[in-house]
1. Please indicate, with yes or no, whether at least one residue in the stretch 229-240 is in contact with a His (Cβ under 8 Å, 6 or more places away or on another chain) and under 30 Å from Thr323 (Cβ atoms).
2. With respect to the numbered conditions (1) more than 24 Å from the chain's Cα centre (by Cα); (2) modelled with pLDDT of 95 or more; (3) not β-branched (Val, Ile, Thr), which one is the sole condition not fulfilled by Gly434?
3. If I ask for residues that are β-branched (Val, Ile, Thr) and either in a helix (DSSP H, G or I) or under 26 Å from Gly82 (Cβ atoms) (or both), which ones from the stretch 297-338 would you list?
4. Residues that are at pLDDT 95 or above and farther than 19 Å from Lys138 by Cβ: does the stretch 86-99 have at least one?
5. Where the second residue is surrounded by fewer than 23 Cβ atoms within 10 Å (Cβ to Cβ) and not in a loop (DSSP other than H, G, I, E, B) and the first is on the phi > 0 side of the Ramachandran plot and among the aliphatic types (A, V, I, L, M) and lies in the stretch 345-364, which pairs have Cβ atoms under 7 Å and are six or more apart or on separate chains?
6. Restricting attention to the stretch 182-193, does a residue exist that is of a type in the set (Val, Ile, Thr) and closer than 26 Å to Leu335 by Cβ?
7. Here is a check on your reading of the model: is Pro221 surrounded by 20 or more Cβ atoms within 10 Å (Cβ to Cβ) and more than 18 Å from Ala286 (Cβ to Cβ)?
8. Output yes when any residue across the stretch 193-214 is in contact with an Asp or Glu (Cβ under 8 Å, 6 or more places away or on another chain), more than 22 Å from Val142 (Cβ to Cβ) and small (Gly, Ala, Ser), and no when none is.
Amino acid sequence: MNTTITTAADAIAFIEGSITRAPDTYDVLPPQMRQIARYPYMAALMDELGHPEAAVRIAHITGTSGKGSTATLLAAIAQAGGYHTGLYTNPYVTIPQERIQIDGVPINDDLFIASTAEVAAALERMQTRLPDFEPHLKMIWVATMLVAFKRAEVQLAVIEVGKGGRFDETNIVRPATATLVSIGLDHTDSLGATLAEITFHKAGIIKPGAVVVNGVTDPVPHSIIRAEARLAGAAIHTIASDFGYDDLQLSPQGTRFHYRDAQQGDIVDCHTRLVGGHYGHNATLAIHTARTLFPTLPDAAVHAGLSQAWLPGRFEVIRHQPTIILDIAHNPDKLRALAETVLTIFPETPLWLVFGAMENKDTSQMLAALAPLRPVQLICTTVRMQKRAVMPAEVLAAQAATLGLASTAVRDPQAGVQRAIQLAGTGGLVLVTGSLYLVSQVRAGLLGTT
C-alpha cells in the first residue's frame, strides 16, 4: 500500500481510494454474504491498532430510518450537558470529514491526518500477513473514527450503524447503550426481505452490559429485540410502555412535543429545529438514551441540545420564492414520513417534485409513498454516480406514470431542479428527494457554493 498521508486531501484520497482498489475474494459472493465474510477482518484491524474501540464510552444506534438524526440529537444533548462528545454518522452531505465530529464540529485536519495515517500503517502491516486482504471504505472510515475518538479522549462516542448492525463494521464496539430506532424494509438485497430478517441484523448491536433503548413496537420485530436482550442479559426500555411523548406539533420552524417518563420525570415543551412528526419519535429516543447514560443530566441540557441539533438535507428549506426543500429520504418509510410532513405544513401549496434514486432501491414503492402529494409535475432525474448503479430518469418516469402521476424525465439533476424552480414561480413549492447523493449534488449549487 505504501501510503503517505500529510494533508487532509491525502487522507480523503486514501479512504475514498479503497472504492477503486482491486476487488477482494469476497466480491464473488452474493450481497447478503459479503458483509458477513468481511466482518472478521474488522476484529483483526482492531487488534493491530491496539483496540481503540475499548478506550471510550459508546452509544450505538441502528434503525432502518432515523438513526442519523437520533445520533445527532443524542450527541447534541450530551455536549450541552458538558460532555466531550464524538459523533460518527454516514454518509455525508457536504464534506467527507462531517462523518466524524467532535463537539459538533467536523474533525480538524491535524487529528484527521494523524488518525488516518495510523490506520493506513496498521492496514499495511495486516497486508504483509494477509496478502489477499483488501480494506474497504467503511472499514477504513470506522477505524479512523475510533482512533480519532481515542486520541481526542472523548467522554462519549455516539456511533451510527452503517447498514444492518450484526455484521456492520461499527459492531466491533461494546456499547453502554444500544438504541434501535425503527425497523422497515430497506437494503433487502443484503439484510433480507422480511422485517424478521432485518430485525435479526439490527438487534445484533445488543451486547452484554448494554442498556437497550427500543423504539420498535411492531410485534414481530419487538419479540426478536426482546429475545436478543434476554440472551445478552441486557435491560430493555421500550417506547410507549417505559417512556414516550405526546402533544406533537409541527411548523416550518421545527417540531414540539412533551417527553413523558414516569420513572425519570417528564420534560415538557421540547423543541427541535428538525421538521417532521418522526423527529418527535427520534428525539424521544435520544432523550431517553442520554438520561440512561447520564442520570443526573439536567433538563436544561436536553432543551439546549435539542434546539441546537441540526442536519443538512433533512426537510431543509434552502430558499424561498419558490420555497425549495431538500430531503435525503431514500426508502418508502422515510418518504411516507416526508409526505405526511409536507401535507401538514404546506397543505395547499402547489408542488413540483424532483426525484432520483439508486438502482438497488424499491423505487416503485418509494414513488407510491410520495403519490399522496399529487405534485403538479414529478421531474425524474438520474443521480450522477461513477461507482454505483443508479436508476435512469426514464425508468423512474415510467414507474411514476403507472401511479397516475404527471411525470417527465430530465437526466441532469441540476437541470431538473432548475426546471422545477421555473415552473413553480414565486408561490410554489419545490421538493428534491429520493437520494442523499441527489441532495448532495444539487445543494451546493442552490447555496451558490460551487
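1. Step one: filter the stretch 229-240 for residues in contact with a His (Cβ under 8 Å, 6 or more places away or on another chain), giving 237-239.
Filter once more, keeping what is under 30 Å from Thr323 (Cβ atoms): none.
No, the stretch 229-240 contains no residue that is in contact with a His (Cβ under 8 Å, 6 or more places away or on another chain) and under 30 Å from Thr323 (Cβ atoms).
2. Just one mismatch for Gly434, condition (1).
3. At the first step, the residues of the stretch 297-338 found to be β-branched (Val, Ile, Thr) are 302, 317-318, 323-325, 328.
Across the stretch 297-338, the qualifying residue is only Val302.
4. No, there is no match, as no residue in the stretch 86-99 is at pLDDT 95 or above and farther than 19 Å from Lys138 by Cβ.
5. Final answer for the pair search is none.
6. Our first condition is that a residue be of a type in the set (Val, Ile, Thr); within the stretch 182-193, this holds for 183, 188.
Restricting the remaining residues to those that are closer than 26 Å to Leu335 by Cβ gives 183, 188.
Yes - at least one qualifying residue is present in the stretch 182-193.
7. Details: surrounded by 20 or more Cβ atoms within 10 Å (Cβ to Cβ): yes; more than 18 Å from Ala286 (Cβ to Cβ): yes.
Yes: the conditions hold for Pro221.
8. no
The values are calculated or read from the model by the stated rules, or taken from the named source; none is laboratory data. All values derive from a computational prediction rather than experimental measurement. No Cβ is skipped: glycine too gets one built from the backbone with ideal geometry, and neighbour counts run over all protein chains shown.
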